[in-house]
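Structure record follows, encoded as structure tokens.
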Amino acid sequence: MNGKRENTAMQTLDIEYMELAPDRVVMTMPVGPKTHQPAGILHGGASVLLAETAASIASFINIDSKKYAAVGLEINANHIKSKSGGIVTAVATPLHKGRKTMVWDVKITDELNKLICVSRCTVAIIDNPDAKR
């Protein structure tokens, strides 16, 4: 999976894999100037990007990637607490794993396990456009 980070938002925002399992994906992201909004705190869009990345990766490891691709279909997020520095951790767990869609609960916390953001992401499972037909 590490090769898939190159030249992506994951690389730009220094998002790292911590745990990859079919029912749990854990990723971290540093909070700093790259992820700040003008007020100097974590931008909600950066939290959403982290949440969708965790849900998409979680879906990807649950499918046959030679035949299918996992793409974001819908996401919502509630920003609970602000953060100006340090690290945030996203934990994605499944609410539904179907053949055509997957729904993931993503909780983003700080180093003290305080909730920063909660998100739900629906991922569509589509035919892999790169698959040989």
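Evaluate the range 44-60: report whether one residue or more is over 14 Å from the mean Cα position of the chain (by Cα) and either closer than 22 Å to Val123 by Cα or of a type outside the set (A, V, I, L, M) (or both).
Step one: filter the range 44-60 for residues over 14 Å from the mean Cα position of the chain (by Cα), giving none.
The answer is no; no qualifying residue exists.
Can you report the number of residues in the range 5-20 which are loosely packed, with under 13 Cβ neighbours inside 10 Å, closer than 22 Å to Pro94 by Cα and free of Cβ contacts under 8 Å to residues at least 24 places away in the same chain?
The first filter runs over the range 5-20 and keeps only residues loosely packed, with under 13 Cβ neighbours inside 10 Å, leaving 6-8, 11-12, 18-19.
When the remaining residues are screened for being closer than 22 Å to Pro94 by Cα, the result is 18-19.
Those left that are additionally free of Cβ contacts under 8 Å to residues at least 24 places away in the same chain: 19.
Residues that pass the stated criteria total 1.
If Ser84 passes every condition in (1) part of a loop (DSSP other than H, G, I, E, B); (2) under 18 Å from Ile15 (Cβ atoms) but one, which one does it miss?
If we test Ser84 against (1) part of a loop (DSSP other than H, G, I, E, B); (2) under 18 Å from Ile15 (Cβ atoms), just (2) comes out false.
Going by what's in this entry, would Ser65 be described as in contact (Cβ under 8 Å) with a residue 60 or more places away in the chain, closer than 24 Å to Thr12 by Cβ and surrounded by fewer than 20 Cβ atoms within 10 Å (Cβ to Cβ)?
yes
Just one of Ser47, Ser59 is of a type outside the set (A, V, I, L, M), part of a helix (DSSP H, G or I) and more than 11 Å from Trp104 (Cβ to Cβ); which is it?
Ser47
Read-outs: derived from the displayed coordinates by stated rules, not from any lab. Note that the structure is a prediction, hence the values are computed from the model and not measured. A quick note on method: Cβ atoms are made from the backbone with ideal geometry, for glycine too, and the neighbour counts reach across all protein chains shown.
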